[in-house]
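Following: one structure in structure tokens, then a few remarks.
The values are calculated or read from the model by the stated rules, or taken from the named source; none is laboratory data. If you're wondering where the values come from, they're calculated on a predicted model, not measured in any experiment. Here the Cβ positions follow ideal geometry from the backbone for every residue, glycine too, while neighbour counts run over all protein chains shown.
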């Protein structure tokens, strides 16, 4: 009897440790005000209230929400960006994000400009439902105005109650290697805070990225919310400039690990990882 009870205990423990497949996403939309971190954070809290009322599990802001993605502004300079950059250890705003995640039992992906070791980064942090920052991502593919930032040097994924989660920021999605790497590292869900182009071309890209990697992608943009799934279909979509949240229920069990990626031929893909194109 003791052995049987012990076996049941092990089974129960294993079941509780298994990643949860069903969850509700809440994608924030609305146009922030460049440089006005206080106003933008207040808007974030308002939309967080709406997401809580709709019992969301994961909340995603657009790219650099806190400073309104100030780097493209014509008056932006690295020196001016430093005035709104957040220190990971002392930022009152980031501490408040942690508090809100814990209070609402909600995972939060929050976009901001960070300053680390005197370097500026286009960053997105990931806080779990206990308020712990479990992930920090730096945008890796920088162009034009983003050259005021230092580039990220990795594509990490993090464990969560929903399995492994990855982040890519805005233009990172243009390079198929970005989500492919995240998926190969085990991410069934990729969060994509963004501020760049949207529209039909973007929708085609996001449907393709989700299908070719057999995963879910949550695209949070000031004027577009988009969730695409492993079947290559749009699961949720919103367009406009009105502040609010778009909610979408997903089932991560549909992002199966036994998929067409098993038939990859990495031994013949040398040009993809070459540091210089072949002549």
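Remarks
- Residues in segment 15-54 that are assigned to a loop (DSSP other than H, G, I, E, B), in contact with a strand residue (DSSP E or B) (Cβ under 6 Å, 6 or more places away or on another chain) and more than 15 Å from residue 128 (Cα to Cα): 2 in all.
- Which listed residue, of 98, 90, 114, is assigned to a strand (DSSP E or B) and at pLDDT 95 or above: 114
- For segment 121-136, the set of residues classified as crowded, with 20+ Cβ neighbours inside 10 Å and in contact with a helix residue (DSSP H, G or I) (Cβ under 9 Å, 6 or more places away or on another chain) consists of 122, 125, 127, 128, listed by residue number.
- Among the numbered conditions (1) at pLDDT below 95; (2) farther than 21 Å from residue 110 by Cβ; (3) surrounded by 16 or more Cβ atoms within 10 Å (Cβ to Cβ), the only one that residue 213 does not meet is (1).
- Any chance residue 145 is farther than 22 Å from residue 246 by Cα, touching a residue at least 40 places away in the same chain (Cβ under 8 Å) and either surrounded by fewer than 18 Cβ atoms within 10 Å (Cβ to Cβ) or out of contact with any helix residue (DSSP H, G or I) (no Cβ under 7 Å at 6 or more places or on another chain) (or both): yes
- Index of the failed condition, residue 183 passing every other in (1) without any contact (Cβ under 8 Å) to a residue 60 or more places away in the chain; (2) part of a helix (DSSP H, G or I): (1)
- Residues of segment 195-210 that turn out to be in contact with a strand residue (DSSP E or B) (Cβ under 8 Å, 6 or more places away or on another chain) and either closer than 18 Å to residue 181 by Cβ or assigned to a strand (DSSP E or B) (or both), as a count: 3
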